[in-house]
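The structure appears right after this line, and notes come after that.
The values are calculated or read from the model by the stated rules, or taken from the named source; none is laboratory data. The model shown is predicted, which means the values in this text are computed figures rather than measured ones. Here the Cβ positions follow ideal geometry from the backbone for every residue, glycine too, while neighbour counts run over all protein chains shown. These area figures cover heavy atoms from the full protein model, side chains too; ligands, DNA and RNA do not enter into them. Shrake-Rupley method; radii C 1.70, N 1.55, O 1.52, S 1.80 Å.
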2 protein chains.
Amino acid sequence: MDKAQDSKPWSIRDLIPENHPRRESLLIREKLIEAMEKSILVPQGLIAHGRGECFDYLIGEKTQDFAEKAIEAAAATLLLAKTPTISVNGNMAALVPEGLIRLAEESNAKLEINLFYRDERREKAIAEVLYKGGAKEVLGVGEDASEVIPELFSQRRRVSPKGIYKADVVLLGLEDGDRTEALVKMGKKVIAIDINPLSRTSRTATITIVDNIIRAVPRLVEKVKELKSKSKEELEQIVFNYDNKTILAESLKFIANRLTQLSLSL
Amino acid sequence: MDKAQDSKPWSIRDLIPENHPRRESLLIREKLIEAMEKSILVPQGLIAHGRGECFDYLIGEKTQDFAEKAIEAAAATLLLAKTPTISVNGNMAALVPEGLIRLAEESNAKLEINLFYRDERREKAIAEVLYKGGAKEVLGVGEDASEVIPELFSQRRRVSPKGIYKADVVLLGLEDGDRTEALVKMGKKVIAIDINPLSRTSRTATITIVDNIIRAVPRLVEKVKELKSKSKEELEQIVFNYDNKTILAESLKFIANRLTQLSLSL
């Protein structure tokens, strides 16, 4: 039997040929499974990742124009915000911890852990990832999540009074629709990184970045840095010109055209 | 804290409102996670399920016409086969064990366990599920998987001399492209149940049923029973009239049209 399969029954890292067409995708999967073993991710996070893989494939595994426009509007919104907060879940912590820390620094935002499947072991495992990556403060751990978002049945309703609860802008990724709706009802602007343009989160959020979080977060950091030199009026103009429904429609049309093209080349 | 979250940190079964829009989908996810805990499924199987969920959503979570046509051709092919074999993996065993056992009975096919991440504990756990469900024989467990399919780097290359190795027709689901290609190169007819019409398996298989395995397997059992009364010539006519590329193109056009419609109703 192969050595790698002996040590970890699910690991094929050492077996994937260098030129395998899905090599990168297979390695990201193993990264997520490791995160599950470290309690950073629950098993449902793997299923969510699978859904994301499918949509990423459909958008051509690239940051498309509709995502670029949403990233610009998101960067302007973060820079205009008074109390922006980045909501971190297991998938985000597993895939883009450094990017989130840099985004928080550049946009002066809080980092808050918020989990659908909340338990203290997971909170601490994720907080450790963020602190190790250089985060100065991580909200939403243990007793800090003392406030409650109305109308949610999961543990996701528990939030920090210093972060999401008082935030005017919340950035989130891979979120369930219930929670996005609840945050919007509380009057918050929600920036969602969601590669599924049909999800309730995508349709409910103020700004939806339809892109793989691995590409979207570093791109958003760059954009925030770039827009910092702009005036308040210029930033407001960017936000004013942005229409989320148009962007979502663009993304769906993009996928539809791509599938039509592919159907002709079979 | 909620009771259900206390006992199993990932379980929300008792928390999902009866009228939740995604209730059924959430319960299937828990079924798969339980299968992972029983060693029937590896974590990668959860990611694969997530990809499937996405495509199921895109085809409208219904067995569409392109799948019905493929199911008919698949049933005819199974009835014409001399040594048909059903290749069973973790996802299939977790979701449709009874359906696979009935399909094997009705089409006089062998059941063989074949795993990308092969280890004896998993093989035995899956065999147990099949035997409990009433299977008379389960191939591919332990030393029985003594033959080798060329050109595969994973443990999936190991097969039973009584099953897949000598089969003229192999039915498989949720398969990796490498293996499908290897089986086709060996001169076998491959029936794939794959909800992703763009996968290498879908494009390589002789017949691709683009549908959720949960719906496709029972439907295929019905179809085999229905076509049993047909003559060999009638069955051969069905197979002759079937063209897999046309079916895949139909499925892509269906999804493209659906997305275009959805983009107009945002």
| message | What figure, in Å² to the nearest 10, do you get for the accessible area of B:H49 with a 1.4 Å probe and non-protein molecules left out? | response | 30 Å²
| So if we plug the beta-carbon distance of B:K124 and A:E34 into 1/(1 + (r/R0)^6) with R0 = 30 Å, what FRET efficiency do we get, rounded to 0.05? | 0.70
| Can you list the aspartates and glutamates whose alpha carbon is less than 18 Å from that of B:K124, not counting same-chain residues fewer than 8 positions off? | A:D6, B:E34, B:E37, B:E98, B:E112, B:E137, B:E143, B:D144
| field | Convex hull of chain B built on C-alpha atoms - directionally averaged projected area, nm² | value | 15.6 nm²
| said: Quick check: pseudo-label points 7 Å beyond the Cα along Cα→Cβ at B:S25 and A:E68, how many nm apart are they? | reply: 3.1 nm
| Residues with amide H under 5 Å of A:K110's amide H, sequence separation 5 or more or different chain, H placed in the peptide plane at 1.01 Å from N; which? | A:T85, A:I86
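Using only atoms on other chains, find how many Cβ atoms lie within 10 Å of each Cβ of peptide A:250-262 and report the average.
Mean shielding by partner chains, rounded to a whole number: 6.
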| Whichever lysines have a C-alpha closer than 24 Å to that of B:K232, once near sequence neighbours (fewer than 8 apart) are set aside | B:K69, B:K82, B:K110, B:K166, B:K188, B:K189, B:K223
| task | Averaging sequence separations of C-alpha pairs under 8 Å and six or more residues apart, then dividing by the length of chain B, give the relative contact order as a whole percent. | result | 22 percent
| query | Within the accessible area of segment B:96-148, what % is carbon and sulfur when the probe is 1.4 Å and the other protein chains stay in place? | reply | 46 percent
| query | Taking a point 7 angstrom from the Cα of A:K245 along the C-beta vector, which residues in segment B:229-266 have backbone N less than 11 Å away? | reply | B:264-266
| remark: To the nearest 0.05, the calculated FRET efficiency linking A:K225 and A:K136 through their beta-carbon distance, R0 being 25 Å, is 0.85
| message | I'd like the residues of segment B:187-208 whose 1.4 Å-probe accessible area shrinks by no less than 50 Å² going from the isolated chain to the full set of protein chains. | response | B:L198
| Accessible area of chain A divided out per residue, in Å², using a probe of 1.4 angstrom | 42 Å²
| field | Calculated [θ] (222 nm, deg cm²/dmol) that DSSP helices of n ≥ 4 give over the protein assembly as shown, each run adding -39,500 (n - 2.57) | value | -16500 deg cm²/dmol
| task | Please name which of B:I195, B:L115, B:L80 has its Cα lying farthest along the dipole of chain B towards the positive end, using unit charges on Cβ (Lys, Arg +1; Asp, Glu -1) and the Cα centre as origin. | result | B:L80
| field | segment B:43-105 versus segment A:103-157: alpha-carbon centroid distance in Å | value | 40 Å
| note | Ratio for the protein assembly as shown, C-alpha Rg to 2.2 N^0.38 Å, reads 1.02
| request: With a 1.4 Å probe on protein heavy atoms only, tell me which residues of segment B:113-156 lose at least 40 Å² of accessible surface in the complex relative to the chain by itself. | output: B:Y117, B:F153, B:Q155
| task | Give the chain B residue with the shortest beta-carbon distance to the rotation axis relating chain B to chain A, plus that distance as a whole number of Å. | result | B:G50, 1
| Roughly speaking, what is the centre-to-centre gap between segment A:158-213 and segment B:172-232 when only Cα atoms are used, to the nearest Å? | 39 Å
| request: Return the distance in nm (one decimal) between the two label points of a simple spin-label model at A:E61 and A:I214, each offset 7 Å from Cα along Cα→Cβ. | output: 0.8 nm
| For segment B:124-169, average projected area of the Cα convex hull in nm² | 3.8 nm²
